[in-house]
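Each remark here refers to the structure printed beneath this line.
The values are calculated or read from the model by the stated rules, or taken from the named source; none is laboratory data. These numbers were taken from a predicted model, which means no experiment stands behind them. Here the Cβ positions follow ideal geometry from the backbone for every residue, glycine too, while neighbour counts run over all protein chains shown.
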Amino acid sequence: MGIEEIAADYPLSEERLRPRHEAWLAEAETEAEREYLRRIIQTPAEAMVGVFAELERRYGGATAFLRGGGLRDEDLALAAQRLAGRRLRRGRARRSQRAEPEDRRHDRQPEVDDPVGGHGGDRS
């Protein structure tokens with residue numbers, strides 16, 4: 001799957017996450033917080049193209065970035081299969097070894113003082 005395909009898919013996230021985003025906006029206590037949230041919940045295709053360009057500039061590409069973070073070739077192959085729409089199969093032993101708690105980070109409202117603003121803010 002190429003960058004163009006990923007970028008074209010990214011705007012769908014905004015629609016699919018709309019109920020969560022509406023809840024965040026309803027919980028915001030100030031107009032400044034609501035404005036911040038409105039800015040970071042946008043998922044334009046251009047933003048994803050920019051992410052890949054920055055990964056290329058800083059690390060030599062997304063694959064190099066992921067390897068630098070400790071991702072193994074096996075994990076990269078599984079991710080590539082998933083992106084290609086293939087069904088993934090992992091061994092039972094591997095699953096039982098990875099008994100990690102469910103990650104609920106995406107259910108939390110982002111911190112207002114986040115300098116990067118999730119995925120839509122300044123890169124300072």
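Of everything listed in (1) more than 19 Å from ALA84 (Cα to Cα); (2) out of contact with any His (no Cβ under 9 Å at 6 or more places or on another chain); (3) modelled with pLDDT under 95, the single unmet condition for GLU14 is (2).
In the set (1) at pLDDT 95 or above; (2) surrounded by 14 or more Cβ atoms within 10 Å (Cβ to Cβ); (3) not aliphatic (A, V, I, L, M), the condition left unmet by GLU54 is number (2). Could you say whether any residue in the stretch 9-16 is surrounded by 12 or more Cβ atoms within 10 Å (Cβ to Cβ) and of a type in the set (A, V, I, L, M)? Checked the stretch 9-16: no residue is surrounded by 12 or more Cβ atoms within 10 Å (Cβ to Cβ) and of a type in the set (A, V, I, L, M).
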